Amino acid sequence: MEVIFRIKRFDGGSSYWDEFKVPINMTVLEALFYIKENIDSTLAFRAFCRMGICGSCAIRINKKPMLACETQISKLEKETIELEPLKNFNVIKDLVTDFEGFFKKQKLAKPYLIRKSKGEIQQTPKQLEEYYKYTLCIKCGACVSACPVAKRCLGPAPVVAAHRFNRDSRDEGKEERLKALSDHIWHCHFVSDCSEVCPKNLHPAEVVQKVRLEVLKFNLGW
Amino acid sequence: MSLNTIAFYLHRITGVVLSLYLCMHFTFLTSLKTGDYERLVKASKEFFVLHLLLFLACIYHGVNGIRLVIHEFGYMYKYRKILLYLTFVITFVIWVLFCWKVIK
């Protein structure tokens, strides 16, 4: 059995749709490799780990941002599958998008441990549990792609990164981080599509609301 | 387009509609000074259906606004989908009741 892949391609000047027939019994990423190896070697897409860890292969599959490596074609239950590059990112070629802006915004949220004191840092398993979930963010950009206001603001991913370090008992830079976020966090309209598409179920929409309250309390001096 | 996105765009559109209506309403109130009540009342009746639709926009914007405020204060996140469906249901029920009351 075969399905049709409609791929939105971009050659640097203009974008156009291309169609390919691919076997159904594989993941979307495997099908992209199948096209590249057997039909059209000029097709460009990004992939690395092929097991949902690196986040490189995030694309829009039937308008929904997903990891190509974790999506079985048969589970999509469609005869024609549309593949597009992530929204809110500049396209470099075909399905490859530019993540430079994304990582610039990440830096703004100071996603690293800020230590003022020196010495050995101890952490209990319970303290680790507080933030562990948020370390699972793979920076795939799916949440940013799903957000209708991400282009005008920070987007969900950097806020999740900031939240991860704010909850870390070893960190001493929460205030610094909240200060940095206070100008960028108010654009969220709780569309919550970021939570629906996050491949790691981190619920960025909930995190954004939590961080906003923290920023509000910080600004009011509570 | 997901229902979340539709709710977001509807909130924006109804917000713009209500702002425009507010401007028109102020203009209308100012024109009352002229004393041309009959013409104004007639015009108001001609736009009866539009008024009903305006009320629909008003209810949706209000109910959805309450939903957003609840979430923004960090409550009921787990029930976000139910609340979203409820927003549409509550909006429709209030609107139907309002229409029934007005037409009756």
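The values are calculated or read from the model by the stated rules, or taken from the named source; none is laboratory data. Since the model is a prediction, treat every value here as computed from it, not as a measurement. Please note: Cβ atoms are built from the backbone with ideal geometry, for glycine as well, and neighbour counts cover all protein chains shown. Each accessible area value is taken on the protein alone, full model and side chains, heavy atoms only, with ligands, DNA and RNA left out. Shrake-Rupley method; radii C 1.70, N 1.55, O 1.52, S 1.80 Å.
General observations
- Residue check, residue A:201 open to solvent by 10 Å² or more (accessible area, probe 1.4 Å) and on the phi > 0 side of the Ramachandran plot: yes
- Taken together, B:26, B:8, B:73, B:92 contain a single residue that is more than 30 Å from residue A:195 (Cβ to Cβ) and of a type in the set (Phe, Trp, Tyr), which is B:26.
- Residue A:181 surrounded by fewer than 20 Cβ atoms within 10 Å (Cβ to Cβ), touching a residue at least 40 places away in the same chain (Cβ under 8 Å) and farther than 24 Å from residue A:84 by Cα: no
- Count - residues of region A:119-140 that are open to solvent by 50 Å² or more (accessible area, probe 1.4 Å), on the phi < 0 side of the Ramachandran plot and not β-branched (Val, Ile, Thr): 12
- Some residue of region A:68-85 being in a loop (DSSP other than H, G, I, E, B), open to solvent by less than 20 Å² (accessible area, probe 1.4 Å) and either among the aliphatic types (A, V, I, L, M) or in contact with a Pro (Cβ under 8 Å, 6 or more places away or on another chain) (or both): no
- In region A:180-197, the qualifying residues are those that are among the polar types (S, T, N, Q) and under 24 Å from residue B:79 (Cβ atoms), and the one that is modelled with the highest pLDDT is A:195.
- Just one of the listed residues (A:116, A:151) is at pLDDT below 95, open to solvent by 50 Å² or more (accessible area, probe 1.4 Å) and either under 28 Å from residue A:7 (Cβ atoms) or part of a helix (DSSP H, G or I) (or both), and it is A:151.
- Residue A:146 within 20 Å of residue B:6 (Cβ to Cβ), touching a Ser or Thr at 6+ places or on another chain (Cβ under 6 Å) and within 14 Å of another protein chain (Cβ to nearest Cβ): no
- Of the residues making up region A:164-177, those that are buried (at least 20 other Cβ atoms within 10 Å of the Cβ) and either part of a helix (DSSP H, G or I) or touching a residue at least 60 places away in the same chain (Cβ under 8 Å) (or both) number 4.
- Hits in region A:185-222 - residues which are away from chain B (no Cβ under 12 Å) and without any contact (Cβ under 8 Å) to a residue 12 or more places away in the chain: A:201, A:220, A:221, A:222
- Odd one out for residue A:104, checked against (1) more than 17 Å from the chain's Cα centre (by Cα); (2) assigned by TED's automatic domain parsing to the domain that holds residue A:156; (3) not aromatic (Phe, Trp, Tyr): (1)
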